[in-house]
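Engineer: Got a structure here, written out as structure tokens. Questions coming.
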Amino acid sequence: MGLLKAIVKVFHFNRTNWKALFLCLLAAVVFWLFNALNKTYSTNIRFPLTFDYDQQRFMPAEALPTHVTLNVSGLGWDLSRKHFGLKVPELVVPLDRPLEVRKIIGAQLAPVLEGQLGALEIKSVVTDTLFIHLDVAITRPLAVQADLSAVRFREGFGRIGAITVEPDSIDVEGPKSIVEKLPAVLLVTPRGSRVDELVRQDVEVGIPDNDFIKRSPPMVLVSFPVGRVRQLEVRVPLTIEGNRKVRGLPDSVAVRVEMDANASLRNLRETIQARTSLSNSGWVTPQITGVPDWARLLQIDSVQLPRNP
């Protein structure tokens, strides 16, 4: 009975007793923690990864791996810091022949990375394979043109002059396998709603696989005058190549245009030309040239050519 009273007395709510008990417990936990962290353990840690190669001559054609997971052993102190991202070294994989290496098996990484981990020892490489695609870096000039399909004009208004793109070409640098597949002309798309006055707009030159392509410059200035327009249908002379005085051939074709409301219709007829060839037959659509900057071709009628004239 006396023992029970003594235990109750110890745990009886008393500020002095509980403070002493808490300090003893804290000291025990700290002692255990320090003792535990001074032992050797092994665990999986994710390390940042970079590749060493001639970046002036070669560029990635696909995203390179950025991390590798290793099973490493070391003191608990060191492992805990790196597990929480503190003082984690960036590991470097040298690539002496970057065009020949397309993948690196995980087991091959251990001897390459061993000396970069300080006191840690690599037990195994958890990451199975690193896939790599580097290519020769090349630079190619490409023309730039504007596509106005995303511009919405106010009713009765439209483009009444030439489209200017400044600069009208850019240099693209990137891996050869990507750059060589790019079209010779890149389209930029200015945007606008209810446009009724001069347009001057900085537009980004968008390129597929943009993460691997450097553009110089990345933006161009697109400008064109806007004013009142009218739509009308006119007939223009038709030239038929290979015509051997075959009777019944059409000598003109109807086209529908949108043009500057203040421009002369006579100037339009004198400028625009239609052309086709007798090598075609049946209903064909002539090729139209000479459309002035202040006009836009909307529709071309077909003409019928005889078979085997």
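The values are calculated or read from the model by the stated rules, or taken from the named source; none is laboratory data. Since the model is a prediction, treat every value here as computed from it, not as a measurement. Positions of Cβ are backbone-derived with ideal geometry, glycine not excepted, and every protein chain shown enters the neighbour counts.
Engineer: If you take the residues of region 182-203 that are touching a residue at least 40 places away in the same chain (Cβ under 8 Å), under 19 Å from residue 258 (Cβ atoms) and of a type in the set (D, E, K, R), which of them is surrounded by the fewest Cβ atoms within 10 Å (Cβ to Cβ)?
Structural biologist: Among those residues, the one meeting the criterion is 194.
Engineer: Condition test on residue 161, is it surrounded by 14 or more Cβ atoms within 10 Å (Cβ to Cβ), more than 20 Å from the chain's Cα centre (by Cα) and not basic (Lys, Arg)?
Structural biologist: Criteria met by residue 161.
Engineer: Is there any pair linking a residue in region 141-158 that is crowded, with 17+ Cβ neighbours inside 10 Å to one that is small (Gly, Ala, Ser) and part of a loop (DSSP other than H, G, I, E, B), with Cβ under 7 Å and at least six apart or on different chains, and which?
Structural biologist: 142/184
Engineer: Run residue 91 past the list (1) at pLDDT below 90; (2) in contact with a helix residue (DSSP H, G or I) (Cβ under 6 Å, 6 or more places away or on another chain) and report the number of the one that doesn't hold.
Structural biologist: Single failed check for residue 91: (1).
Engineer: Has region 219-227 got any residue that is closer than 23 Å to residue 286 by Cβ, surrounded by 14 or more Cβ atoms within 10 Å (Cβ to Cβ) and modelled with pLDDT of 85 or more?
Structural biologist: So far as region 219-227 goes, no, none of its residues is closer than 23 Å to residue 286 by Cβ, surrounded by 14 or more Cβ atoms within 10 Å (Cβ to Cβ) and modelled with pLDDT of 85 or more.
Engineer: Ok, one more. Among the candidates 174, 206, single out the residue that is surrounded by fewer than 15 Cβ atoms within 10 Å (Cβ to Cβ) and under 22 Å from residue 62 (Cβ atoms).
Structural biologist: 206
Engineer: Might you check whether a residue that is surrounded by 12 or more Cβ atoms within 10 Å (Cβ to Cβ) and within 41 Å of the chain's Cα centre (by Cα) occurs anywhere in region 246-256?
Structural biologist: So far as region 246-256 goes, yes, one or more of its residues are surrounded by 12 or more Cβ atoms within 10 Å (Cβ to Cβ) and within 41 Å of the chain's Cα centre (by Cα).
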